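The values are calculated or read from the model by the stated rules, or taken from the named source; none is laboratory data. Keep in mind that this is a model prediction, so the values were computed, not measured. Heads up, the Cβs are rebuilt from the backbone with ideal geometry, glycines too, and the neighbour counts pull from every protein chain shown. For the accessible areas, the whole protein counts, side chains as well, though only heavy atoms, and no ligand, DNA or RNA atoms are used. Shrake-Rupley method; radii C 1.70, N 1.55, O 1.52, S 1.80 Å.
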Amino acid sequence: MSYLKSNDLFDKLNPETLYERLPHPILIADHLMTPDNLGAMIRLADNIGASEVCFLGNEEEHRLGKVRRAAASSRDNIRWYFSEETDLHQIVPKGKKIVAIETANNATCIYDTPLPEDIAFIVGNERNGLSDGLLDQCDMVVYIPVPGPTRSLNVSHAAAVALFEWQRQMLRKCEIKNAECGMPQSDAGFRPHSAFSIQHSELKYKHVFFDLDRTLWDFDAAAEVAFERIYEKYDLKSLGIPSAHEFHEVYHPLNEELWVLYRADKITKDELNRTRFMKPLEHYGIHDIELADHLSEDYVYWSPRIVRLVPGTMELLDYLRPKYHLHLITNGFQEVQHTKLNGSGLEPYFETLTVSEEVGVKKPNPEIFHYALRKAGAIAEESIMIGDEMAVDIDGARAAGMDTVMFNPKREIIEGNRTFEVNDLREIMEIL
């Protein structure tokens, strides 16, 4: 093995062909202090094919000679400039998504987050990071996991990790055929091997399993409407309950507690149905078992018939159906879940439906996932589970050997391992 200059290697790979196919990112840095970091940013942006670098701050505060020396020849290859503008949308062209690299409360791991194609990355000051005012202007925030004891990356190193992860994801979206990223099959064509190698997930997965409630079916939106109907029918205002919305707000946490007990087999289905309305009524000093039973019966009737789907559901299913075998795994009651599928137009998309009642165990017990795999004629290694609850959907599927997609629309910080995480269902189209 002999030494080869990088220019000789990359000239043979013809990387220019790649950058004709990819959008050009923008790099923004907030009030950097060290000339070496500014120069490294310019050089990085040049290497990744960025369109420009914007340094927030006053140009006069920097030793530009040292910046230029650190940037080397890249200082003449790419546009870089200083700006004291505080409105990022005055800097970033319309259509680009602004993504912060920061350890903020709402940040998601960059390796689990599908990044937008048309992107502007922003990094913070070496000492203080990004201000809250700048973070509030960003479309998303990602962090880079650091396992070592220092837990703090140099700002230019963090930008490099983020930009090359973005590049990896963009390559992944290319159509792959015979290890070519849509390029001519010749020695001059760009081959995404070595550091550019990718494996499209379509080649790995054959079966996609979904949770239903709060993943595809907007459970809370349907429940709100159902509560309005039973509130009016039983004139609950006359009993001292101020509004249907407030009644639902009281009901919701109590119902969640009961479902935890139901999943743990500590209460029965009948106990769940009765108690989940008895407790909210008792909150208002109403002790009426017969009324609780009526409310439960009407709620069970109406909630699956009020069709409310999570945004992006039909778009995603239309995209996936020609490519994969689609299945459902749910802890709900059989008659309720079948009603939802029949009335919403979801049923034709799914080849199998596995409900906990038919299995005798509930998620996250891995047996329900094994049962669903057998029912679908699938194996775990070729299957992926999509759900909104870490402890129920994701942990259970992982225990059964499946890859997972965590649907996290509220962008909450949730502990636990998952293969991917998305905040919008349509982002799954960038993964599968």
Protection proxy (average C-beta count within 10 Å per residue), highest first, orders 319-329, 238-248 as 319-329, 238-248
For the range 129-140, take each phi angle, set θ = phi - 60°, evaluate the Karplus expression 6.51 cos²θ - 1.76 cosθ + 1.60, and give the result in whole Hz per residue in order, putting x for glycine and proline. x, 8, 6, 4, x, 6, 4, 5, 8, 7, 6, 7
Report the residue, chosen from Pro145, Pro304, Pro116, that carries the largest GNM mean-square fluctuation when the chain is represented by alpha-carbon nodes joined by springs under 10 Å. Pro145
Between His287 and Leu261, what length comes free when the chain is fully extended (0.36 nm per residue of separation minus the Cα-Cα distance, one decimal in nm)? 7.1 nm
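So how do 223-232, 374-383, 38-47 stack up, highest first, on mean other-Cβ count within 10 Å?
Details: 223-232: 18.3, 374-383: 16.3, 38-47: 23.1.
The peptides rank, most packed first, as 38-47, 223-232, 374-383.
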Net length gained if the chain between Tyr81 and Tyr301 were fully extended (0.36 nm per residue, minus Cα distance): 73.0 nm
If you plug each phi of the range 302-312 into the Karplus form 6.51 cos²θ - 1.76 cosθ + 1.60 with θ = phi - 60°, what whole-Hz ³J(HN,Hα) values come out, in order, with x for Gly and Pro? 7, 4, x, 9, 9, 7, 9, 9, 5, x, x
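Using r as the Cβ-Cβ distance of His24 and Gln137, and R0 as 22 Å, what FRET efficiency do you calculate, to the nearest 0.05? Don't skip to the answer; put the middle values down first.
Details: r = 21 Å, r/R0 = 0.95.
Given R0 = 22 Å and the Cβ-Cβ separation, E is 0.60.
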Simple spin-label estimate for His338 and Met33 in nanometres, 7 Å along Cα-Cβ: 6.8
Roughly speaking, what % of Cα-Cα pairs in the chain are separated by over 36 Å, rounded to a whole number? 42
Mind checking the angle between helix 334-344 and the chain's longest principal axis? C-alpha axes, 0 to 90 degrees, to the nearest 10. 60
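Please say if the range 29-177 is rounded, prolate or oblate, where rounded means a/c under 1.5 for a ≥ b ≥ c the square roots of the C-alpha gyration tensor eigenvalues, and otherwise the choice is prolate for a/b larger than b/c and oblate otherwise? Mind showing how you got there, number by number?
Details: a/c = 1.40, a/b = 1.25, b/c = 1.12.
Because its axes are fairly even, with a/c under 1.5, the range 29-177 counts as rounded.
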Taking the full set of protein chains and a 1.4 angstrom probe, give the accessible area of Met278 in square angstrom, rounded to the nearest 10. 50
With θ set to phi - 60° and the Karplus curve 6.51 cos²θ - 1.76 cosθ + 1.60, what are the ³J(HN,Hα) couplings of the range 34-39 in order, to the nearest whole Hz, using x for Gly and Pro? 9, x, 4, 5, 4, x
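Which FRET efficiency value, to the nearest 0.05, do you get for Arg374 and Lys233 by plugging their Cβ-Cβ distance into 1/(1 + (r/R0)^6) with R0 = 35 Å?
Details: r = 43 Å, r/R0 = 1.24.
So, using R0 = 35 Å, E works out to roughly 0.20.
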Of the candidates Thr215, Thr330, Thr275, which one comes out as most mobile in a Gaussian network treatment of the chain with C-alpha springs shorter than 10 Å? Thr275
Using a Gaussian network for the chain with springs between C-alpha atoms less than 10 Å apart, which of these wobbles most: Val250, Val208, Val141? Val250
Enumerate the amide H contacts of Trp80 below 5 Å, restricted to partners 5 or more residues apart or on another chain; note that Pro and chain-start residues carry no placed amide H. Val53
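Do you know the relative contact order of the chain, to the nearest whole percent, from alpha carbon pairs under 8 angstrom that are 6+ apart? Working shown, then result.
Values: 674 pairs, mean separation 59.6, N = 432.
Result for the chain is 14 percent.
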So if each residue of separation counts as 0.36 nm, and I subtract the Cα-Cα distance between Tyr111 and Ser152, what length gain in nm does that give? 13.0 nm
